[in-house]
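What follows is calculated from the coordinates using simple rules that are stated; it is not laboratory data. What you are looking at is a predicted structure, and each value in this text was computed from that prediction instead of being measured. Don't worry about glycine lacking a Cβ; one is built from the backbone with ideal geometry, like all the others, and counts go over all protein chains shown.
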Amino acid sequence: MEKFKVRDVKLADKGMLQIDWASRRMPVLAKIREEFIKSKPLEGLRISGCLHVTKETAVLVRTLTAGGAKVSLASSNPLSCQDDVAAALAVEGVNVYAWRGQSKEEYYECIKTVLSHKPDVVLDDGADLIVTLHQEMGGLLTSILGGCEETTTGVLRLKTMERLKSLKIPIIAVNNAQTKWDFDNVYGTGQSTLDGIFRATNMLLAGKTVVVAGYGHCGRGIANRARGMGSQVVVTEVDPIKALRAVMDGFKVMPMVEAAKIGDLFITATGNVDVIRAEHMILMKDGAVMCNAGHFNVEISLEDLEKLSISKRKIRDNLDEYTLVNGSRLYLLAEGRLINLVAAEGHPSEVMDMSFANQALSVKYLVEKAGLLEPRVYDVPLEVDRMVAELKLETMGVQIDSLTEKQRKYLESYETGT
């Protein structure tokens, strides 16, 4: 078996610089790494991961290896790998099988390769690795302590497996940590999505009508960042509670069939399939731009777009023009894949600091609870979530109050306050 497979190992020096830049902006992981170096809680552990191979992921991998683990890594999206970072990790001894521009076959072959390292723990971003493990390499399941899942999409897939009783290992839903979803999903997705759009188009958002499909944590972050850039933001939703929240937050809410007529820029962030379909595309303005911030490239129906088009041309990197049968030109960014990772660099290091701190501590938790957890999806333990928040505040130089003993007793009592 090859020790690694990357685009060009000679890119390693550049990758090292990128990882160093991220490391200096991820102080929580730095503190965890210092502790891991001393205590070696992951000594001898084999970890196989399917994550976006970015400079931030590299800092997580260094933290895990500092704790004694041997890590093998594949990319969780065919277009999200940062080739220089992959090269740097390979030079550092990580079994990394990732490069930008993989075919579907190569993508899954790399996932199977990292699984062939016979992991004790698996890390996933979207659940492709865990699903492949269960469907094609089930013989490994008996030796696996558990896994961690990073994304909303992946957690939904794994909860479905749990409900169908096909999930065979315990999973920590890292995405469900408050220090993940309230920060990574909201601020990270909001900023990095717009970053990807700007790099792909250099378009001005001020004065534009931006349609955001989905008002979960990611959609909320995108909508607020777009409004902050001077856009008029419209939200589409299928969940009445989320739709109501969007209204109360000051956004216009309407069905996609109505939003399609007025939008200049469409951003999907639902985790669902066919959110923008032919009946919407045919109504869009000449020059409308579409992109996706969800994990998979299924939210904008590429099949419908191709069927409606009479011609297609590449304008620039990550920007394709489709001329429809009615003469309108629509623009698709990043092939409908994750705009923030395909056209930009993903979430800022400072916010991934918390997400990956949860990953590292959740791996440690799985080791400590080996054999005690049932095969289902668990939230990150509250004590881990709070520790990450406390460490982040500490590294930011922020102090908060502590409860007095009287206050603590009051909160724990059931007596009236009168």
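Things to note:
- Ascending count of other beta-carbon atoms within 10 Å, so fewest first, for His134, His295: His134, His295
- Principal axis dimensions, the chain - Cα atoms, whole angstrom, descending: 72, 64, 44
- Between the alpha-carbon centres of segment 181-221 and segment 322-360 there is a gap of 9 Å.
- Only lysine pairs 8 or more places apart, or on different chains, with alpha-carbon atoms under 15 angstrom apart are counted in segment 187-342, and they number 6.
- Sum of -39500 (n - 2.57) over DSSP H runs of 4+, divided by residues of the chain (222 nm, nearest 500): -12500 deg cm²/dmol
- The HN-Hα couplings worked out from phi for segment 62-72 by the Karplus form 6.51 cos²θ - 1.76 cosθ + 1.60 (θ = phi - 60°) are 4, 5, 5, 5, 5, x, x, 7, 10, 10, 10 Hz, whole numbers, x standing for Gly and Pro.
- GNM top mover of Val298, Val342, Val211 - the chain, alpha-carbon springs below 10 Å: Val298
- Under-5 Å amide H pairs with Ser231, H placed in peptide plane, nonlocal only: Gly207
- Magnitude of the charge dipole for segment 122-176, about its Cα centre and with charges confined to Cβ atoms of Lys, Arg (+1) and Asp, Glu (-1), is about 320 debye.
- Relative contact order (%) - criterion: Cα under 8 Å, at least six apart; region: segment 158-285: 23
- Shown in residue order for segment 30-46 are the 3J(HN,Hα) couplings computed by the Karplus curve 6.51 cos²θ - 1.76 cosθ + 1.60 at θ = phi - 60°: 4, 5, 5, 4, 4, 5, 5, 4, 6, 9, 6, x, 10, 3, x, 7, 9 Hz (x for Gly and Pro).
- Remark on segment 297-418: ratio of C-alpha radius of gyration to 2.2 N^0.38 Å is 1.84.
- If only the Cβ of Lys and Arg carry +1 and only the Cβ of Asp and Glu carry -1, the dipole of the chain around its Cα centre is close to 220 debye.
- Taking amide H atoms as placed 1.01 Å from N in the peptide plane, the amide H of Phe266 lies under 5 Å from those of Val211, Val289, Met290, Cys291, each 5 or more residues away in sequence or on another chain.
- For Leu73, the residues whose modelled amide H falls within less than 5 Å of its own, excluding neighbours fewer than 5 places apart on the same chain, are Gly49, Asn95, Val96, Tyr97.
- Cα coordinate range in segment 122-238, projected on the principal axes (Å, largest first): 56, 28, 24
- Normalised alpha carbon radius of gyration of segment 187-342 [divisor 2.2 N^0.38 Å]: 0.93
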